[in-house]
């Protein structure tokens, strides 16, 4: 219960810092009653680095704001960060070290949903509140549910279904030839699967003519792109992100 209360306090503090326009009050370190470590293990290098670095920078800005106003629960917040190298094993190792050695009070999740799944196992084991601000596969909140995880972004059902609903309004009853292009792991597979299911549920007349599954961070996706282009779809459902999207 204490962990959940702390999670709410941290979330509220970060939200207030992000939304505040008032001039911050400066606070000396001598006025803090100790400190709280929070961790973020995310992709700080590789094809997903832009998202990982952006997430870390956002947390840093919010923490600076909170600390200037007296900290959280009158304690100074300190950030412990690490690069997960876009691999679940590294992400899990980082988080285990943060929990056992750095004694973090809360964890901010990675870019990749596959890495988040590995981290949530540790969050549940050690009862550490975890905020998923980028990784958004729905199975993180269903199949892998833990009361210590909080997903703060639209998931892989919400986004595909919204696109399908938009297409229903636009194409009416004519058949739409569709291709899909998504990274070959749980986020990409579930996003595409939920998109196709939403098209069926909403009665969108469609034909999936091409599906491509490049590996996450693949250095060369020219063959997949060539196949997709040659099939001449009217619309491509593309779930690439970060450097892969560029």
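Bear in mind that the values in this text are calculations on the coordinates, not laboratory data. Bear in mind that the values here come from a model prediction, so they are computed numbers and not experimental data. Cβ coordinates were reconstructed from backbone atoms using ideal geometry, including for glycine residues, and neighbour counts include every protein chain displayed.
A few notes on this one:
- When 141, 158 are arranged by Cβ crowding within 10 Å, least crowded first, meaning fewest neighbours, the order is 158, 141.
- Sites residue 142 and residue 197 - FRET efficiency at Förster radius 22 Å, r taken between beta-carbons, to 0.05: 0.90
- Mean residue ellipticity (222 nm) of the chain, computed from DSSP H runs ≥ 4 via -39,500 (n - 2.57), nearest 500: -14000 deg cm²/dmol
- Ranking of 135, 97 by count of other Cβ atoms within 10 Å, fewest first: 97, 135
- The order of 157, 95, 171, going from fewest to most other C-beta atoms within 10 Å of their C-beta, is 171, 157, 95.
- The shape of segment 35-80 can be summarised by an equivalent ellipsoid whose semi-axes, obtained from the alpha carbon gyration tensor, come to 24, 10, 5 Å from longest to shortest.
- Rg(Cα) / (2.2 N^0.38 Å) computed for segment 147-188, rounded to two decimals: 1.57
- Rounded to 10°, Cα long-axis angle of helix 88-100 versus longest principal axis of the chain: 20
- Length added when fully stretched, residue 158-residue 78, from 0.36 nm per residue minus Cα-Cα: 25.4 nm
- At R0 = 35 Å, FRET efficiency that the Cβ-Cβ distance of residue 96 and residue 50 yields, to 0.05: 0.85
- Taking 0.36 nm per residue of sequence separation and removing the Cα-Cα distance, the residue 232/residue 89 pair yields an extension gain of 47.6 nm.
- At an R0 of 25 angstrom, the distance between the Cβ atoms of residue 165 and residue 225 translates into a FRET efficiency of 0.35.
- Fraction of beta bridges assigned by DSSP in the chain that are antiparallel (%, nearest 5): 5
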